[in-house]
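Enquirer: A single structure is presented below for examination.
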Amino acid sequence: MTEKQILISAGEASSDMYAARLVTALRERVGKDLRFFGMGGPRMAEAGVELIADYHEVAVVGIAEVLHKIPTVIGVQNRLKREAKRRNTALAVLVDSPGTHLGVARRMKQIGVPVGYFIGPQIWAWRAGRVRTVKRRVNRMVVIFPFEEKIYRDAGVPVSFVGHPLVDLVRPNMTSAEFAARHKLDANKPIVTILPGSRANEIRQNYGTILSACERLKRGNCSIQFVLAVAPNLSADFFSTYVNDGVAIKQVSGATYDALAAADCAIVASGTATIEAALLGTPMVVIYRVSPVSAFILGRMIRTPFFSMVNLIAGKQVVRELIQDDFTPEAVESEVRGLLESSSARHEMKTSLAEVRAKLGPGGAIERAADIFAQML
C-alpha cells in the first residue's frame, strides 16, 4: 500500500500534546501506512512526526507582541505549503493557533489539500468574522466546548463537538499527602500552587506580581506554603532570575496535576491551566496581563463578559478574574486569603467546578476526533 502523507500542525505546548495523541489514534484507525510531517514540538516528534517547523517559531501572546513575528509566521506557512505540495499530501490536520493555521488552511486550499481543524478559533469571544474565513478554508471543524457547535453549524461550517481532551489526561499521580512528603511540605498547612503561564513573555508579565502577592500572604500567615508548577516546556532553571527573599517557593517540574490536586488554592494564568485546575476541582484565582497596547486592542475586540474559560463554560462567574489593571499584589492577596480562610467559599467553588467538568464531555475526545479525520481520509 502506498504511504499517505498527512500534514499535522500544532502551534504551542498543549496543542503539541493533543496532536501527538491524534497521530497515535489515527495510526490505530487507518494503519501504519501513514506518514506524518508538519509543525510541532517534542511530543509530536516522539510520536513519529517529521518536524518541518518548531512551534516555538510562531508561539507568542498578545496583539502587539505578534507584529514582529509576522514574517516568521508567513515563512512557516509557506514552508508547510511547499512540503505539502511536494509530498502530494492527503489531509492537513491543524490544531488550535488560528493566527498561524488559518493562513496554513488557505495555502492548503490553494493546492487542493482537504483541511480538518481541531480546536478552532474562539469566534464566540472575539473576531467573529473569522467564521466566514473558516467556512471558506476548512472542510471539517472539530470543537471541544459544547457551545461552539451551534455557532459553527449556524454559520454553515461542518462541525462536530467531541469534548475536551484534557478530561482523559488530568489525573494526579499521587495523593496530596504523598506529594507533600515528596516535596518536604506540611500536609496540614495551607498549600497555594502557582501556574504563571507556559510562555516566557507570559511569565514576564505575570510572575513578578504573583511573587509580591505571595510575600504579602506570607507576612499575614507564615504557615502558607507556595508551590510553583513549572510548565513542561520550560527548563528547571528558567525561574532562577525571579527571586523574592521575602518568600520561599517550592519549585516542581513534571508534577503540575499533583501540585494542583494538593493545593488548597491556586493562582492560575488564564488559559488551558484553568481547565486543568477545574477538572481537579482546585479552587483558584485567575490572573493575566498583556502589554498595554495589546490590552487596548483586545479591550475593543473581546465580546464575552468573562476572560477565563472556566467562567465562559459555566456561563457565570465561578472564579475571580484579576486581569490587567485589576491584577495587583493586593488583589491577589485578598482573593487567595478569602479562599484559604473560608471553607464554605472553597466548597461553593468546588461545586461549581464540578458542573464545569460535566460540561466538558465524558472523555474520549481525541479518539472521536481521530474517527472524524480518519473518515476524511
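Enquirer: From the set of residues in region 364-377 that are surrounded by fewer than 20 Cβ atoms within 10 Å (Cβ to Cβ) and aliphatic (A, V, I, L, M), which is farthest from residue 209 (Cα to Cα)?
Expert: Only one residue fits best here, namely 377.
Enquirer: So is residue 324 within 16 Å of residue 277 (Cα to Cα) and among the polar types (S, T, N, Q) or not?
Expert: no
Enquirer: Any residue that is in contact with an Asp or Glu (Cβ under 7 Å, 6 or more places away or on another chain), under 22 Å from residue 23 (Cα atoms) and crowded, with 17+ Cβ neighbours inside 10 Å - is there at least one of those in region 122-142?
Expert: no
Enquirer: Let me ask something else about it. Within region 335-363, can you find the residues that are part of a loop (DSSP other than H, G, I, E, B) and surrounded by 16 or more Cβ atoms within 10 Å (Cβ to Cβ)?
Expert: The answer is 360, 361.
Enquirer: Quick one: which helices (runs of 4 or more DSSP H) lie wholly within region 109-216 and hold at least 3 residues that are at pLDDT below 95, closer than 30 Å to residue 82 by Cβ and not assigned by TED's automatic domain parsing to the domain that holds residue 306?
Expert: Helices (runs of 4 or more DSSP H) meeting the threshold: 130-137.
Enquirer: Report whether or not residue 158 is surrounded by fewer than 21 Cβ atoms within 10 Å (Cβ to Cβ), of a type outside the set (A, V, I, L, M, F, W, C) and in contact with a Phe, Trp or Tyr (Cβ under 6 Å, 6 or more places away or on another chain).
Expert: No; evaluated as a whole, the condition is false for this residue.
Enquirer: Could you grab the pairs with beta carbons closer than 6 Å, sequence gap of 6+ or different chains, first residue in region 349-377 and assigned by TED's automatic domain parsing to the domain that holds residue 19, second one among the aromatic types (Phe, Trp, Tyr) and surrounded by 14 or more Cβ atoms within 10 Å (Cβ to Cβ)?
Expert: 369/118
Enquirer: Ok, one more. Looking at 334, 291, can you tell me which residue is at pLDDT 95 or above and more than 30 Å from residue 181 (Cβ to Cβ)?
Expert: After ruling out the rest, the residue left standing is 334.
Enquirer: Related question: Select, from 332, 318, the only residue that is outside any helix (DSSP H, G or I), touching a residue at least 12 places away in the same chain (Cβ under 8 Å), aliphatic (A, V, I, L, M) and within 30 Å of residue 290 (Cα to Cα).
Expert: It is 318.
Enquirer: Sticking with this structure for a sec: Filter region 229-284 down to the residues that are of a type in the set (Ser, Thr, Tyr), over 16 Å from residue 353 (Cβ atoms) and buried (at least 18 other Cβ atoms within 10 Å of the Cβ) and list them by number.
Expert: Once the filter is applied, which keeps residues that are of a type in the set (Ser, Thr, Tyr), over 16 Å from residue 353 (Cβ atoms) and buried (at least 18 other Cβ atoms within 10 Å of the Cβ), region 229-284 yields only 256.
Enquirer: Related question: Report yes if some residue within region 241-259 is closer than 21 Å to residue 221 by Cα, at pLDDT 85 or above and assigned to a helix (DSSP H, G or I); otherwise report no.
Expert: Among the residues of region 241-259, at least one is closer than 21 Å to residue 221 by Cα, at pLDDT 85 or above and assigned to a helix (DSSP H, G or I), which makes the answer yes.
Enquirer: Tally time: how many residues in region 202-227 are surrounded by fewer than 22 Cβ atoms within 10 Å (Cβ to Cβ) and touching an Asp or Glu at 6+ places or on another chain (Cβ under 6 Å)?
Expert: Going through region 202-227 one residue at a time, the tally reaches 1.
The values are calculated or read from the model by the stated rules, or taken from the named source; none is laboratory data. Predicted model, so just to flag it, every value in this text is computed and none were measured. Cβ coordinates were reconstructed from backbone atoms using ideal geometry, including for glycine residues, and neighbour counts include every protein chain displayed.
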